[in-house]
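Structure first, commentary second.
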Amino acid sequence: MFNLPRRHVLPIGLDIGSDTVKLLQCQIVGSGLSVVAAARTALPEEARGESPTRLAVAVAMVRKMIAQHPFVGRRVITCLPPEAVQIRNLRLPLIPPAELPAAIEFEARTVFGFEDSQAVIQFLPAGDVRQGTETRQELIVFGARQIETNNFIEQIHRSGCLLESLDVEPCALFRAFERFVRRREDEKDVQVLVDVGARKTQVIISRGHDLCFFKTIDLGSGNLHEAVSRKLNISIEEARALRHRLMEPVEVKDSQHRDPVRRAVEDATRSVMEELGREIALCLRYYCVTFRGQRPARARVTGAEANDPRLIATLGAGLNISVECGRPLFSIDCGMMRPADRLGSMSEWTLALGLGLKAAHRTFAPYDGRPRSDAVHAPAEVVDLNHAVAEMPAAEVIGA
Amino acid sequence: MRELEFLPPWYHVLRRRKRRLRLQTSLTLAVFSGFCLWNFQAARNVRNAEAALNSLRSQALQTENELGRLAYLEQLRVQWRQQDQIIARLGVSVESSRLIGTLESLMPPSMALLDFQIDTREQARPTEGLARVRASQADSTIPIDRTLVVRMHGVAPTDNDLASFHARLSEVPFFNNVAMTYARPRISKDYVMREFEITLSLNINAAGGR
């Protein structure tokens, strides 16, 4: 009788970054997504980075942001701070899925050094790995101390938010782009997601709906700003503003006559960008050698640096695959966002979107893929990605 | 992708308990508010009922006063009706001394009364036809006309005095049927006088009497 569109408002995705706090709430209308409200506020200078007051300041800001913007409800999904989560790759023999959690918990206790019932251990099956004549399953294991988790929850709860779920950054980042995996052939595609943060860069390699590889590289936009700051002898804030200004698209005529400042900035950031590209290339090499099958076809860059065409170009040259700026809010109605937040690729909203989508237990388009069957243990072997990537023979890398 | 959850179970329990506490608090407040409202309403109803009762009491008191006065008036009415009935039955009392005094004031000084007679005459009032039947059915008492008949026998020195006396009597409004029965000469000790007899009547029917 009444053909009203079904409307399901998702929880607020809360991204407490090292220098900004972002909130994004979406709703499912029919078979599509639309933004209900979005808010972004920069943290004060004294509360940025590794400052101990960062979380307290951010929580106070979240309360204000929720009050000042048209968010629906106070349900929030956020992720544990990266410093509170330890991530290890484990290789276990093939054991039944029902026995896997207990085996991982036992192994993780020795790997992470946690004592009984003091930590939350979660894992993601990365895939099967051939090791000699033996097939093992590689797992990405996440561990967080209970006391740190409880402290974080307590802080978030003080903001008046109701925690719906607590996630980790890699999963949330990947979830923002997982919704683009719609067809059966997409499930075999290997995608690379590079999230350039203020202090760290996270490299996520996924195959279809499965997250297969995750690594954190200690290079971020902060390193780029510092390089510019050193080169031009200006403050970090000035370097940030300058780089932000230079990210704006320029006309061809102007680019031909590039100004010395632009050239100086590019010279300053080139080494950092190339270093980042080399690290990502090593990650790709590890993936290609470890997980046989389809090679990565495309890399998406997210974060505030994703709008830097120079970074995209440098990474593209270093990785030998298609590198593009990630557009997490593609095909989402962003009419409710402020015009200033709708500029560019909006890739800085990736984490907040991925967190918010955790409550959407559905796909947003026709889906004909097959669900991943859980990989199906002997003593575990800890894989040190840094050593493994560095020692990987170059001959095994196709396209490198 | 396999979803990971780092939110400890106690948080959901805490939220559930807080929700339950909030619900119970809300319910308690609602019940308490309802009770207070009901109590307030009941108190207001009692106040209104008391005000209505006081009003009714004052009205009843006023009615009682009026009823007392009405009973007194009714008693008076009954008493007066009885008196009226008695008067109607007996007729209006006419004091003889006042009647004689009136006649004396009308008589010439030389006139003397030899005899004075007062009779009360009761005569059924004549009714005809249906009215008589109805009167007899409604009340057994038949209406009676009462008349006080005064007969005066006296002597006057001259006819002139007699005529003058007769004329004065006729002028009195409550004397009816003033009539001279006879007037003849009378000789007593060589004096010739006029002997006369005059009758008159007074209507002594009560105003509302029968």
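The values are calculated or read from the model by the stated rules, or taken from the named source; none is laboratory data. The model shown is predicted, which means the values in this text are computed figures rather than measured ones. Note that each Cβ is placed from the backbone with ideal geometry, even for glycine, and that neighbours are counted across all protein chains shown.
Going through (1) out of contact with any Asp or Glu (no Cβ under 7 Å at 6 or more places or on another chain); (2) assigned to a strand (DSSP E or B) one by one, residue A:165 falls short only on (1). Of all positions in the stretch A:196-208, none carries a residue that is in contact with a strand residue (DSSP E or B) (Cβ under 9 Å, 6 or more places away or on another chain), buried (at least 16 other Cβ atoms within 10 Å of the Cβ) and part of a helix (DSSP H, G or I).
Among residues of the stretch A:68-86 that are on the phi < 0 side of the Ramachandran plot, those with a beta-carbon under 6 Å from a residue that is among the aromatic types (Phe, Trp, Tyr) at least six positions away or on a different chain give the pairs A:80/B:6; A:85/A:142; A:86/A:112. Counting the residues of the stretch A:117-137 that are more than 14 Å from every other protein chain (Cβ to nearest Cβ) and either at positive phi or not in a strand (DSSP E or B) (or both) gives 2.
Taking the conditions exactly as written (on the phi < 0 side of the Ramachandran plot and within 14 Å of chain A (Cβ to nearest Cβ)), does residue B:47 satisfy them or not? The answer is no for residue B:47. For the stretch A:188-199, a residue qualifies if it is in contact with a helix residue (DSSP H, G or I) (Cβ under 9 Å, 6 or more places away or on another chain) and modelled with pLDDT under 90, and the qualifying residues are A:190, A:191, A:197, A:198, A:199.
Would you call residue A:95 of a type in the set (A, V, I, L, M), more than 10 Å from chain B (Cβ to nearest Cβ) and part of a loop (DSSP other than H, G, I, E, B)? Yes; evaluated as a whole, the condition is true for this residue. A single member of A:153, A:147 is farther than 24 Å from residue A:93 by Cβ, in a helix (DSSP H, G or I) and within 10 Å of chain B (Cβ to nearest Cβ), and it is A:153. Just so you know, in the stretch A:229-258 the residues that are over 26 Å from the mean Cα position of the chain (by Cα) and at pLDDT 80 or above include one that is surrounded by the most Cβ atoms within 10 Å (Cβ to Cβ), and it is A:229. Where strands (runs of 3 or more DSSP E) fall entirely within the stretch A:13-84, those with at least 1 residues that are surrounded by fewer than 19 Cβ atoms within 10 Å (Cβ to Cβ), polar (S, T, N, Q) and under 19 Å from the mean Cα position of the chain (by Cα) are at A:20-29.
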